[in-house]
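Novice: My structure is below; once you've seen it, I'll send some questions.
The values are calculated or read from the model by the stated rules, or taken from the named source; none is laboratory data. Keep in mind that this is a model prediction, so the values were computed, not measured. Here the Cβ positions follow ideal geometry from the backbone for every residue, glycine too, while neighbour counts run over all protein chains shown. Just the protein is used for accessible areas: all its heavy atoms, side chains included, with ligands, DNA and RNA removed. Shrake-Rupley method; radii C 1.70, N 1.55, O 1.52, S 1.80 Å.
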Amino acid sequence: SQQGEEDPQALSIQEGENATMNCSYKTSINNLQWYRQNSGRGLVHLILIRSNEREKHSGRLRVTLDTSKKSSSLLITASRAADTASYFCASQKAAGNKLTFGGGTRVLVKP
Amino acid sequence: EAQVTQNPRYLITVTGKKLTVTCSQNMNHEYMSWYRQDPGLGLRQIYYSMNVEVTDKGDVPEGYKVSRKEKRNFPLILESPSPNQTSLYFCASSIGQERGYTFGSGTRLTVV
């Protein structure tokens, strides 16, 4: 079963704009991860945030985690056409354990 | 290059003909998983392994088998494939310790 829900399901923005997507999960977690997938290819790990962290940055990515609301957000700043992809959140109850994925957000960045 | 290698990339087969999708990683990772991705259903875990000879069922294990005889390999076996197993399959591995997973490029399976 899919634990996570992502919002929005699809997002279309102009190059240079910021893209924000949200993820909710249902049970307690050890960490939450974000992945990118380009057009049916393999997923690429972007960033991991632990349950005791509230915010994390990696390059143009900013992730927040609110465990009281069981939600996370991914912000991509100054988007580029190459950021066009589907983005998935995945929760993990214990380190190394299985990932439970959300439904994904399709992001289209128009040049 | 550190990677997860799946083979084949594409496979069309007939109902009932046993097949194996291979997965190999060269990163000495302990954790390995198989997922299937279907439109509208997202990614669902089939089986996972925490080490050699240690495997456990994921969310959708019916119709699949796995084995982990060596650390680097984690094949997915479909003993009697059926059309509802037509899907995009991904193998992934992780060192654990709150690190992300590295995914293979995927195997697109069609069962007719």
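Novice: Quick check on this structure: which one of B:G63, B:G58 is free of Cβ contacts under 8 Å to residues at least 40 places away in the same chain and within 11 Å of chain A (Cβ to nearest Cβ)?
Specialist: Within the list B:G63, B:G58, the selection yields B:G58.
Novice: Turning to a different aspect of this structure: Could you please find all residues in the stretch A:67-85 being in contact with a Ser or Thr (Cβ under 7 Å, 6 or more places away or on another chain), of a type in the set (G, A, S) and surrounded by fewer than 19 Cβ atoms within 10 Å (Cβ to Cβ)?
Specialist: A:S71, A:S73
Novice: Let me ask something else. Kindly indicate the residue of the stretch A:89-107 that is of a type outside the set (G, A, S), open to solvent by less than 10 Å² (accessible area, probe 1.4 Å) and within 14 Å of another protein chain (Cβ to nearest Cβ) and also farthest from A:N31 (Cα to Cα) among those meeting that condition.
Specialist: Residue satisfying both the conditions and the ranking: A:T105.
Novice: Among the residues of the stretch B:78-112, which ones are in contact with a strand residue (DSSP E or B) (Cβ under 9 Å, 6 or more places away or on another chain), outside any strand (DSSP E or B), within 11 Å of another protein chain (Cβ to nearest Cβ) and not aliphatic (A, V, I, L, M)?
Specialist: Answer for the stretch B:78-112, where residues must be in contact with a strand residue (DSSP E or B) (Cβ under 9 Å, 6 or more places away or on another chain), outside any strand (DSSP E or B), within 11 Å of another protein chain (Cβ to nearest Cβ) and not aliphatic (A, V, I, L, M): B:G96, B:E98, B:R99, B:G100, B:Y101, B:G104, B:S105, B:G106.
Novice: Restricting to the stretch B:18-70, count the residues that are closer than 21 Å to B:E1 by Cα, surrounded by fewer than 16 Cβ atoms within 10 Å (Cβ to Cβ) and charged (D, E, K, R).
Specialist: 1
Novice: Is it the case that A:L65 is assigned to a strand (DSSP E or B), more than 27 Å from B:P39 (Cβ to Cβ) and touching a residue at least 24 places away in the same chain (Cβ under 8 Å)?
Specialist: yes
Novice: Now for a separate question. Starting from the stretch B:19-44, take each residue that is among the charged types (D, E, K, R) and list its partners that are in a loop (DSSP other than H, G, I, E, B), counting only C-beta distances under 6 angstrom and pairs at least six apart or across chains.
Specialist: Going by the 6 Å Cβ cut-off, the qualifying pairs are B:E30/B:G96; B:R44/B:D59; B:R44/B:V60.
Novice: While we're here: Yes or no: B:P75 within 14 Å of another protein chain (Cβ to nearest Cβ), closer than 23 Å to A:G42 by Cα and not aromatic (F, W, Y)?
Specialist: no
Novice: Still on this structure, please answer the following. Out of curiosity, is A:K110 surrounded by fewer than 19 Cβ atoms within 10 Å (Cβ to Cβ) and under 17 Å from B:Y101 (Cβ atoms)?
Specialist: The answer is no for A:K110.
Novice: I've got another one for you. Could you please find all residues in the stretch A:1-52 being assigned to a strand (DSSP E or B), open to solvent by 50 Å² or more (accessible area, probe 1.4 Å) and closer than 19 Å to B:L41 by Cβ?
Specialist: The answer is A:E5, A:D7, A:A10.
Novice: Would you pick out the residues in the stretch A:55-66 that are more than 14 Å from every other protein chain (Cβ to nearest Cβ), open to solvent by 50 Å² or more (accessible area, probe 1.4 Å) and either β-branched (V, I, T) or closer than 13 Å to A:Q33 by Cα (or both)?
Specialist: Correct list: A:E55, A:H57, A:R62.
Novice: Quick check on the stretch B:97-108: of everything there that is more than 13 Å from B:Q6 (Cβ to Cβ) and either surrounded by 17 or more Cβ atoms within 10 Å (Cβ to Cβ) or of a type in the set (D, E, K, R) (or both), which residue is modelled with the highest pLDDT?
Specialist: B:Y101
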